[in-house]
Amino acid sequence: MEKDGINKPARVLWRLGYFLRELIVSTLSVGPIPTHVAFIMDGNRRYGKQQHLNQGGGHVAGYLALKLMVLYCRELGIKYVTAYAFSIDNFKRSPEEVRCIMDLMVEKIEQELSQVDNTFSRMGVRVHFSGKLELLSQPAMDAVKRLMAATAGNSKALLTICFAYTSTDEIVHAVQETCRRKLAPDQIEGKGNYVVKVEDIEKHLYMAVAPEPDIIIRTSGGHRLSNFMLWQSSNTCLITFSQLWPAMSCWHLVWAVLKFQRNYYYLEKKKKQM
Amino acid sequence: MLFSLNFTLPPIFFTNLSPQSKPFWNVPLHWRLKAKNQTSHVPKSPLCWTAEQELIQQGKGENSVEEEEEKVFHLGLEDQTLPLGLRREAMPRHVAVIMDGNRRWARLRDLPVGSGYEAGVRSLRKIVELCCQWGVKVLTVFAFSSENWFRPKVEVEFLMSLFDRGMQEDTGSFLRDNIRVSVIGDLAKLPETLQELIINLEEATKSNTRFHLIVAVSYSGHYDVVQACQRLAMKAKCGLIEPSDINESLVEQELETKCTEFPYPDLLIRTGGEFRISNFMLWQLAYAELFFAQSLWPDFGEVELLKALVAFQQRRRRYGNAPAKFKALEVACVEF
């Protein structure tokens, strides 16, 4: 028997899975839960080829995986989730692929906004896009702004999607803003005026909306940051999984949290010593 | 010359999740990489919904899963001076190392902490020699972090005296072996005698070309970017540039690593089993391959370095672009 297009065995399985996840969450909550988890979503195209999907099918799968991962993070009580969706370097890919990804993003945002209660609002998640958004086409920019506006009132968690983002570009932007502020006429107060500090740069970063990540998870076996949150990752636990992004499950998240908990007290001790 | 970022740490009982964990002597001549058989400690469970299952539910993922695009690695002709498994044309030009684990090494042997640092110095000498032989052009070592100033005063003073002694003792070998030495970091915080020694050593070795050793002392990635920003702010104040002119190239020219021809590390090795960058060269590590070794720094020798380099050479580096054919990518790796 089907309900909402989902057959009964699948619904039973989903409820069983939800119950099991509740047990896991209760166990993990005995220890510290990370505040901010970031994902480098690598492997969508390879997944699409493996599964013989149409062009863009891998990215659709990646989008579904992201929504599920946000749900699991909400269940775990993780307040900030960041996903590296599209790098400025990715604009060097073929124009067809870039256009496909932009069209897919616009299509998915429209799909969400067409519902009375979109997925993110149901989860209480505010969506924020970080990056050099002026590089996006006008339809993509409009869709992004509408989604951010539609979810602006949600406060249980923040999902930051890094789109048209690289960390070096973020730092350059912060340096530019810092220099502009230091040169502004109303800032001329004394000889300390032109001293630049870490805080001056940090407040102008695109990712200033969230604290430093506790964990950065990269899929597909890559062991590099690929210009993602370089400034913010100085004390972040870096975890790599060999699975492709669409194949990520909540068990990977549980494993990552366990690893975080193992290092947590050592890092706290180090912070206190400073 | 070295340091340790290490503090007390609970015993390590998790293994590295890296799928590239083959011992160096086990590298086959013809190796197929199969994504689904790679090391994974996380079991798949039907009770946890994944995107894969969502697609199956939607009737899109019903085809059987085939192998991932095969990555076939052919080892080139072996260079007589390189160990088995290494290809000279794919050697990283710039290797960065976080030398972690000296104090743990000493504690495990019931030795004073100073012995750990001294063992680390010996290990560093060995690694410098190997990098010279194997064709690495630049080696950057994280000797003393900005955060290490908060350590006990006795320990900091010991480390400063160790740097002093190490530089004096090794000046002869740097000149003999044609090694250029640069020291990066907030040197104003160092004792004046050490600052003078550093200036003299840099001056004496500045024309050496065979190998470049960069020692990061009183350094952090945040400090590097902040001091670059400070310089650019002063230039803007003097009217030399506009804030809108600031781009990645200008920032790079002001970073401390401007002293070298290859400022961006291709490979970062961290010893000691920790999976963090600990505020080291944050800007420059944008595309670096990261290798986390379980062994402590004084135990990191030829075998471990070989493992790291073999693992590096087996990785595909795409820099965000579409994947190229393997041969073209190999060339691209060399060019970068």
Cβ-Cβ cut-off under 10 Å around residue A:124, Lys and Arg +1, Asp and Glu -1: the net charge is +4
Counting only residues 5 or more apart in sequence or on a different chain, those whose built amide H sits under 5 Å from that of residue B:182 are B:213, B:214, B:215
If each K or R counts +1 and each D or E counts -1, the residues other than residue B:116 whose Cβ falls under 14 Å of its Cβ total +1
Of the listed pairs A:156/B:235; A:67/A:132; A:49/B:137; A:132/B:237; A:156/A:182, those with alpha carbons more than 32 Å apart are A:156/B:235; A:49/B:137; A:156/A:182
Phi-derived 3J(HN,Hα) across region A:241-248 with the Karplus relation (6.51, -1.76, 1.60, θ = phi - 60°), rounded Hz, x for Gly and Pro, is 10, 7, 5, 6, 4, x, 8, 5
Mean per-residue count of partner chain Cβ within 10 Å for A:61-69 equals 4
Expected integer from the mean partner chain Cβ neighbour count at 10 Å over A:238-245 is 6
Sorted on mean Cβ neighbours within 10 Å (highest first), peptides A:198-210, A:134-146 come out as A:198-210, A:134-146
Taking Cα atoms, the helix A:95-114 axis meets the longest principal axis of chain A at an angle in degrees (rounded to 10) of 70 degrees
A correct fewest-to-most ranking of A:182, A:269, A:108 by other Cβ atoms within 10 Å would be A:269, A:108, A:182
Pseudo-spin-label distance residue A:142 to residue B:149, built 7 Å along Cα→Cβ, given in nm, is 5.3 nm
Extension length gain for residue A:75 and residue A:55 (0.36 nm per residue less Cα distance), in nm, is 4.0 nm
Summing +1 per Lys or Arg and -1 per Asp or Glu among the other residues with Cβ less than 12 Å from residue B:201's Cβ gives -4
Taking B:228-236, B:108-116 and ranking on average Cβ neighbours within 10 Å, highest first, one gets B:228-236, B:108-116
The simple spin-label model distance between residue A:152 and residue B:315, using points 7 Å out along Cα→Cβ, in nm, is 4.1 nm
XL table A:269/B:189; B:126/B:206; A:92/A:203; A:8/A:108; A:79/A:259; Cα-Cα > 20 Å flagged, in table order, is A:269/B:189; B:126/B:206; A:92/A:203; A:8/A:108
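Throughout, read-outs are computed from the coordinates displayed, never taken from laboratory work. Quantities reported herein were computed from a predicted structural model and do not represent experimental measurements. Note that each Cβ is placed from the backbone with ideal geometry, even for glycine, and that neighbours are counted across all protein chains shown.
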